[in-house]
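To start, the structure under review is shown below, and the notes come after it.
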Amino acid sequence: MIQRFGGRVALVTGGAAGIGRAVVDRMVAEGATVVVWDINEERLASCRQLHAAHVLTQRVDVTDAGNIDRALSEAMGQFGRLDIVVNGAGLIGPNGPFWETTPEEWERTLRIDLTSVFLVSRAARPHLVANGWGRIINIASVTANEGPKNLAVYATSKAGVVGLTKSMAKDLAGTGVLVNAIAPALIATELLGQLTKEYYEAALSRIPLGRAGTLDEAAALITWLCSEECSFSTGAVYDLSGGRGV
Ligand SMILES: NC(=O)c1ccc[n+]([C@@H]2O[C@H](COP(=O)([O-])OP(=O)(O)OC[C@H]3O[C@@H](n4cnc5c(N)ncnc54)[C@H](O)[C@@H]3O)[C@@H](O)[C@H]2O)c1
């Protein structure tokens, strides 16, 4: 396998499972050292077992600014640099009409799916800028444009991720740090278990390619965006929806 990430240090949030984990596996295979943040300790342990010295796993809640700062300073103490951030942590949140969502559920979902991207990117920025090179990748969703029925908080958070990606990209233009997002439809992860069966089937039926995307397909796009090969895109949102989002 080509070694696009030799000498690079990447931080992947939500890296213990799903899309984040697929990115961790691919980056390690291509020479990166990866700092993996998640709240799922069991899965962090299995990631550590597989990748040993190529990863630093840390139990970090990405909604907690203090937790982020402490973990990042430990990682910087260990590796001395940070080149890439993939903001992969997230959840679906409430399914149902918006009026059934409590204010507490609304705040919590926005904090995990949107505010975390701001908090982690804000903390990582000085380290990326110090290199004169960096990549930040955020995971939006086709729901950002669609605003599907029964997913108001999720769609709102993902629309926020799109806006945040565009603004961060422009704020960082000229520093060598590029900020891009992907907008997947259905990628086969456990997250899909948080959707109702009706929503899942309706969403699948609207994908022209007629299937869910794979973890390899998600990791391929994200790692390309993290690589030196991606050099003239910033603030972009890359569709990964089998045609549903275009
Ligand atoms: N799978 C899809 O079809 C799909 C489609 C569009 C967008 N996305 C987005 O992709 C991202 C990853 O989704 P996935 O499908 O891999 O989900 P997943 O549930 O498989 O993995 C998400 C990971 O995030 C972690 N996490 C959740 N809350 C956290 C917190 N507060 N702090 C740290 N870690 C936390 C979980 O423990 C889990 O390991 C999410 O932002 C999701 O909204 C996924």
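Every number here is computed from the coordinates shown, using simple stated rules; none is lab data. In this text, all values refer to a predicted model and were calculated from it rather than measured experimentally. Cβ: placed from backbone, ideal geometry, glycine included. Neighbour counts: every protein chain shown.
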message: Which residue fluctuates most in the GNM of the chain (Cα springs below 10 Å): Thr102, Thr115, Thr189?
response: Thr102
task: Of the options Thr101, Asn131, Val117, report the single residue whose Cα projects farthest towards the positive end of the charge dipole of the range 9-238 (beta-carbon charges: Lys, Arg +1; Asp, Glu -1).
output: Asn131
query: Using alpha carbon centroids, what distance separates the range 180-238 and the range 97-140, in Å?
result: 18
- prompt: Using unit Cβ charges (K, R positive; D, E negative) and no other charged atoms, how large, in debye to the nearest 20, is the dipole of the range 59-137 about its Cα centre?
  reply: 440
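Would you mind ranking Asp239, Asp83 so that the residue whose beta carbon has the fewest other beta carbons within 10 Å leads the list?
Sorted ascending by nearby Cβ count, the order is Asp239, Asp83.
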message: With Kirkwood's inverse mean 1/r over C-alpha pairs for Rh, give me the Rg to Rh ratio of the chain, two decimals please.
response: 0.95
message: Based only on Cα atoms, what mean projected area does the convex hull of the range 138-246 have, in nm²?
response: 6.9
- line: Only helices counted: for the chain, with every DSSP H run of 4 or more residues adding -39500 (n - 2.57) and the sum spread over all residues, [θ] at 222 nm is -13500 deg cm²/dmol
statement: Those helices of the chain passing the 20 Å axial Cα length cut-off and the mean Kyte-Doolittle cut-off of 0.0 (DSSP H runs only) are 116-131, 152-172
- prompt: Sorted from fewest to most neighbouring beta carbons within 10 Å, what does the list Met168, Met1 look like?
  reply: Met1, Met168
query: Assigning unit charges at the beta carbon (Lys, Arg +1; Asp, Glu -1) and nothing else, what dipole magnitude in debye, to the nearest 20, does the range 9-238 show about its Cα centre?
result: 340
query: Looking at the range 77-135, which chymotrypsin sites (Phe, Trp or Tyr not before Pro) are in a loop (DSSP not H, G, I, E or B) and have at most 12 other Cβ atoms within 10 Å?
result: none
